[in-house]
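Have a look at the structure below before the remarks.
Throughout, read-outs are computed from the coordinates displayed, never taken from laboratory work. As the structure is a computational prediction, the values presented were derived from the model and not from experiment. Cβ: placed from backbone, ideal geometry, glycine included. Neighbour counts: every protein chain shown.
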Amino acid sequence: MPTDDALSILAALAHPTRLAAFRLLVRHEPDGLSTGDLVAQTGLTQSTFSTHLAVLAKAGLVTSEKRGRQMIQRASIGTLSDLMLFLAKDCCEGRSELCAPLIADLACC
């Protein structure tokens, strides 16, 4: 992953509303959530939330699909995975045993 892409993704997540929305979508994979459900859970207006959603989508963190009359929002697990690999790629100077606690924490959740 290019550094500029990682920075765009991290910048998109550097807002409490966007981070909470993305984490909520990750928990609801693979089904996703309707935009209306997301708006209701944030307590924001539709227009304010749409702005946050657009930032997440531009960063490649969220995809939308139409199901009937609803727009379903889904977390892009591929983008999340790419970011996590980018951040951990050079972890501990290549000594994987030092990253074992991180991997163990991820496996338990």
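At a glance:
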{"item": "LEU25 vs. criteria touching a residue at least 12 places away in the same chain (Cβ under 8 Å) and either charged (D, E, K, R) or in contact with a Gly (Cβ under 8 Å, 6 or more places away or on another chain) (or both)", "result": "yes"}
{"item": "Single residue of SER76, SER81, SER50 found to be small (Gly, Ala, Ser), within 21 Å of LEU106 (Cα to Cα), surrounded by 12 or more Cβ atoms within 10 Å (Cβ to Cβ) and without any contact (Cβ under 8 Å) to a residue 24 or more places away in the chain", "result": "SER76"}
{"item": "Any hit, region 8-15, residues being out of contact with any Leu (no Cβ under 8 Å at 6 or more places or on another chain) and more than 26 Å from LYS89 (Cβ to Cβ)", "result": "no"}
{"item": "LEU102 part of a helix (DSSP H, G or I), in contact (Cβ under 8 Å) with a residue 12 or more places away in the chain, among the hydrophobic types (A, V, I, L, M, F, W, C) and buried (at least 17 other Cβ atoms within 10 Å of the Cβ)", "result": "no"}
{"item": "Any helices (runs of 4 or more DSSP H) falling wholly within region 1-59 and containing at least 2 residues that are closer than 14 Å to ALA75 by Cβ, under 11 Å from the mean Cα position of the chain (by Cα) and not charged (D, E, K, R)", "result": "3-13, 16-27, 46-58"}
